[in-house]
Amino acid sequence: MKNPYMPMPVTIETIITEVDTDDIKTFRVVFDREEDAVAFQYLPGQFAEMSLYGTGESPIGIASSPTDEGYLEFTVQKAGMVTSELHGSDEGRTIGIRGPLGNTWPLEYLKGKNVVVVGGGFAFTTLRSLTRYMLDGGNRQRFENITVIYGARTPGLLIYKDELAAWEKRDDVETYITVDQGDENWQGREGFVPTICTEVAPSSNNTVAVICGPPIMIRFTLPVFFDLGFSKENIYTSLEMRMKCGFGKCGRCNVGSKYVCKDGPVFSLAELDALTPEY
Amino acid sequence: MVKKIEHDRIQEIIAALMEKGILYAPVEDEEGVNFHLVDDPARVTLDFYNTVQGPKCAFFPQTEELIRYRMTHEGADAAEVEPDESPQVLFGVRPCDVRSLAIMDELFCGGGIVDPYWKNRRDNTTIIAYAFDTVDTVDFYGSFGIGAADDTGADILMVKVDGDLLLDARTEKGTALLAALDGLDEAAAEDEKRFAAAVEGAGALETRRIDTDCVARDLPGIFDSEFWQTEAAPCLNCGVCTFVCPTCHCFDITDETLFSKGRRVKTWDSCMFTDFTLHASGHNPRTKKHQRLRQRVNHKFSYYVTNCDVISCVGCGRCTRFCPVNIDIAGIVERARKRASSQQINNQ
């Protein structure tokens, strides 16, 4: 029996500082053992426990796409002990990964549909995984129109800047990047994410919206999508909870009869409505 | 085939059991009587009503090593602490506590990823249940269909009758263990009758009972009720209810490092503590004590039923017995049921 508490060793290959406040970094890691790389089969929306011996573990969404071969990426905000220790790490350090854990964005359900990806600030990591996955050569045809609406408070807080610029140039994805407030060098859109969603006004016909962001953004974005005719079954989001084991035993992420770690983190709004509001 | 030994000769059976592997048995400690890994037969006692803590420690120790590691310049060298597969015996468990193990199996060995530490110990443990011969007023195991001499889940059922311990196997594992134990006497026909009479007599013992019908379905309906503030008002957030509970399974995983060497451990934790759900961001979905009491009751009587089709409570009465402010989960469930039904009537 495989011990689910035992992390697989990975080496940090590259560290990218994503934002001008330096507190969000992307860690590209590669498996030390070939068999682990083969065993780690994931899909967008899933997460892993990042393990640093001596400090502990932290559940982090996988930001790379399964179509990216040979590595995994995690975009991590410096917040607690593990993420602070990770932020202080250098390239070449060996850390651990347990996973993949949790459910995935509803890829089967999204097939043949229009997909609107809405993200705010740092909460764009598994949405980035999903978008990369959908835009990948062989996968693109399985989805209809793809729209990405992504915003941050300032230009310096946008993550994956180069990738966003590349998406803006593509003609098989509509990309709308916005900031709450620009600076002297910013030539793009200004405006809150809900406002941009109102302007873009994606049709709800055969469309699923996938939304992640800070609570305030979610609160003002959902009514926009309801007004556009989106049903709660066609709006998905991903929850965060404090977790330890990551597979439904330690009880920490229990919300109603669900465990965010194994029944989530991805839920439709219809599913969330059936849960107790304790997240 | 019933076997017999005088209660005064308990040390002999304990010594014989210790030969068969790891032995967990009731031992008097500073708290009262609790299950301990036995190293001295003289410390084992059967003179107790029930142990302070449930028997989960025999499968899910309060602190359990998962990994040992040594910090290096590049990271760490780590080695798995392999789940224990040694044969072990759990001796002197009350029937309601035996039932708690099957409830915990649903979580640790049920659908999805299996916890190898719990499962290996469960697979390799022989359980000697110990029938009640009296009833404490706070117990309510009868509500769950558990009898005072219930043998469900036990490999051997033991009763104490007039200074004798009578043991009868209930499974092949139990039969094999009894056959291999030196020092036990073959019971006479008279003893067989005494055993049967003791089991029947225990069957007449009645705990208080709560009505658990529809509780799982109805509890969510009063989730937002002020009922929970009222019930939780006296709670001191001490967490003793979860600590003594045989079905509470929440745990933490932490690293303990001394100089360059360390261990990753799984330790009991409690949903009654506010830090339990504290995010690194500072956000906390359950900051108030009524939210945590509500979580504990709902988890046991509603959420667990949804997921595992069984109430995660055996009515052992421990949380009530040890609560410093007399919070009684059975009373809460009874009042919650009434509140839910009156709310339904008002809504009609």
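Quick note: the coordinates plus some simple rules give every number you see, no bench work behind them. A quick note: this is a predicted structure, and the numbers were derived from the prediction, not measured. Heads up, the Cβs are rebuilt from the backbone with ideal geometry, glycines too, and the neighbour counts pull from every protein chain shown.
The DSSP beta bridges internal to the protein assembly as shown are antiparallel in roughly 70% of cases.
Temperature 20 °C, viscosity 1.002 mPa s: under these conditions the Stokes-Einstein estimate for the stretch A:107-238, based on its Kirkwood radius over C-alpha pairs, is 145 µm² per second.
Treating each Cα of the stretch B:9-74 as an identical point scatterer and ignoring solvent, apply the Debye formula and state log10 I(q)/I(0) at q = 0.16, 0.22 Å⁻¹. Those come out to -0.60, -0.95, one per q. Other protein chain C-beta atoms within 10 Å of residue C-beta, averaged over B:67-79: 5.
Per-residue counts of other Cβ atoms within 10 Å, averaged by peptide: what ranking do you get for B:89-100, A:55-66, A:231-242, highest first? Present the calculation step by step, with values, prior to reporting the outcome.
Values: B:89-100: 26.2, A:55-66: 23.1, A:231-242: 19.6.
Descending packing order for the listed peptides: B:89-100, A:55-66, A:231-242.
Counting only other chains, what is the mean number of Cβ atoms within 10 angstrom of the Cβ of each residue in peptide B:248-260? Partner Cβ neighbours, averaged per residue: 4. Charged neighbours of B:GLU28, selected by a Cβ distance under 10 Å, balance to -3 (K, R count +1; D, E count -1). Given the DSSP H assignment, sum -39500 (n - 2.57) over each helix run of at least 4 residues in chain B and divide by its residue total; what's the result at 222 nm in deg cm²/dmol, nearest 500? The per-residue figure over chain B is -9000 deg cm²/dmol.
If you take every DSSP beta bridge fully contained in chain A, what fraction is antiparallel? Give it as a percent rounded to 5. Intermediate values should be presented prior to the final figure.
Details: 33 of 55 bridges.
Percent antiparallel among DSSP bridges in chain A is about 60.
With both labels modelled 7 Å from their Cα along Cα-to-Cβ, the B:ALA233 to B:GLU12 distance reads 5.9 nm.
The share of Cα pairs per 5 Å bin across the stretch B:215-347, counted from zero up to the longest distance, runs 2, 10, 17, 20, 20, 13, 8, 5, 3, 2, 1, 0, 0 percent.
In square nanometres and to one decimal, what's the mean projected area of the convex hull around the Cα atoms of the protein assembly as shown? Before the final figure, lay out each step's value.
Numbers: hull surface 126.6 nm².
Over every viewing direction, the Cα hull of the protein assembly as shown projects on average to 31.7 nm².
Would you work out which of B:THR254, B:GLN88, B:ILE128 lies farthest towards the positive end of the dipole of chain B? Charges go on Cβ: Lys and Arg +1, Asp and Glu -1. About the Cα centre, the residue reaching furthest to the positive side is B:THR254.
With Cα atoms defining each centre, the stretch B:252-287 and the stretch A:148-214 are spaced 37 Å apart in the structure.
For a modelled paramagnetic label at A:GLU144, 7 Å from Cα along Cα-to-Cβ, the residues of the stretch A:166-183 in reach, with backbone nitrogen under 16 Å, are A:173-174. Taking only the alpha carbons of the stretch A:200-251, we obtain Rg and Dmax values of 14.5, 43 Å in that order.
Jot down the per residue volume, in cubic angstrom and as a whole number, of the convex hull over the alpha-carbon atoms of the stretch A:8-101.
Details: hull volume 8.2 nm³, N = 94.
Residue-normalised Cα hull volume stands at 87 Å³.
Measuring r between the beta carbons of B:ASN326 and B:HIS283 and using R0 = 35 Å, the FRET efficiency lands at 0.60.
Where the only charges are on Cβ atoms (+1 Lys, Arg; -1 Asp, Glu), what is the dipole of chain B about its Cα centre, to the nearest 20 debye? Don't skip to the end; give the middle numbers.
Values: 38 positive and 56 negative charges, 337 e Å.
So the dipole magnitude of chain B works out to roughly 1620 debye.
For the stretch B:30-170, the spread of Cα positions along the three principal axes, ordered from largest to smallest, is 65, 38, 30 Å.
Report, as an integer, the average count of C-beta atoms from other chains found within 10 Å of each Cβ along A:266-273. Mind dumping the intermediate values first?
Details: counts 0, 0, 0, 0, 0, 0, 0, 0.
Averaged over the peptide's residues, the number is 0.
Specify the residue with the greatest mean-square fluctuation among B:GLU74, B:GLU206, B:GLU106, computed from a Gaussian network of chain B linking alpha-carbon atoms under 10 Å apart. Looking only at B:GLU74, B:GLU206, B:GLU106, the biggest GNM fluctuation is shown by B:GLU74.
Normalized C-alpha radius of gyration of the stretch B:134-230, against 2.2 N^0.38 Å? Numbers along the way, then the final one.
On the way: Rg = 19.5 Å, N = 97, 2.2 N^0.38 = 12.5 Å.
Normalised Rg, Cα atoms only: 1.56.
Derived scalar couplings between HN and Hα for the stretch B:167-180 equal 10, 9, 6, 10, 9, 4, 4, x, 4, 5, 5, 4, 5, 8 Hz in order, rounded to whole Hz, by the Karplus curve 6.51 cos²θ - 1.76 cosθ + 1.60 (θ = phi - 60°), x for Gly and Pro.
Work out the length of the dipole vector of the stretch A:107-238 about its Cα centre, built from +1 on the beta-carbon of each Lys and Arg and -1 on the beta-carbon of each Asp and Glu, and round it to the nearest 20 debye. Please list the in-between numbers first.
On the way: 13 positive and 16 negative charges, 80 e Å.
Approximately 380 debye in magnitude.
Taking other residues whose beta carbon is less than 15 angstrom from the beta carbon of A:THR21, and scoring Lys, Arg as +1 and Asp, Glu as -1, yields -2. Pop the C-beta distance of B:ILE345 and B:ALA102 into the FRET formula with R0 = 56 Å and round what comes out to the nearest 0.05. Efficiency, from the Cβ-Cβ distance: 0.95.
If packing is taken as the average count of other Cβ atoms within 10 Å, what order do B:121-129, B:251-259 fall into, highest mean first?
Numbers: B:121-129: 21.7, B:251-259: 16.0.
Per-residue Cβ counts within 10 Å, averaged per peptide and sorted highest first, yield B:121-129, B:251-259.
Rounded to the nearest 500, the 222 nm mean residue ellipticity of chain A from helices alone is -6000 deg cm²/dmol, with -39,500 (n - 2.57) taken per DSSP H run of at least 4 residues. Each residue in B:HIS299, B:HIS36 was given a count of other beta-carbon atoms within 10 angstrom of its own, and listing them fewest first yields B:HIS36, B:HIS299.
Would you work out the relative contact order for the stretch A:142-183, in percent, from Cα pairs under 8 angstrom that are 6 or more residues apart?
Details: 50 pairs, mean separation 23.2, N = 42.
Reported as a whole number, the value is 55 percent.
Let me have the relative contact order for chain B, percent, based on Cα pairs under 8 Å that are six or more residues apart. Display every interim value, and only then the final one.
Numbers: 630 pairs, mean separation 71.9, N = 348.
Taking the mean separation of contacting Cα pairs over the length of chain B, I get 21 percent.
Extending 7 Å from the Cα toward the beta-carbon at both B:ALA79 and A:ASP20 defines two label points whose distance is 5.2 nm. Measuring spread by the Cα atoms of chain A yields a radius of gyration and Dmax of 18.2, 58 Å. The Cα atoms of chain B cover 66, 63, 37 Å along the three principal axes, with the biggest extent listed first.
Beyond 18 Å, what share of the Cα-Cα pairs of the stretch A:180-279 is found? Please give it as a whole percent. Write out the running numbers ahead of the final one.
Values: 2731 of 4950 pairs.
It works out to 55 percent of all Cα pairs.
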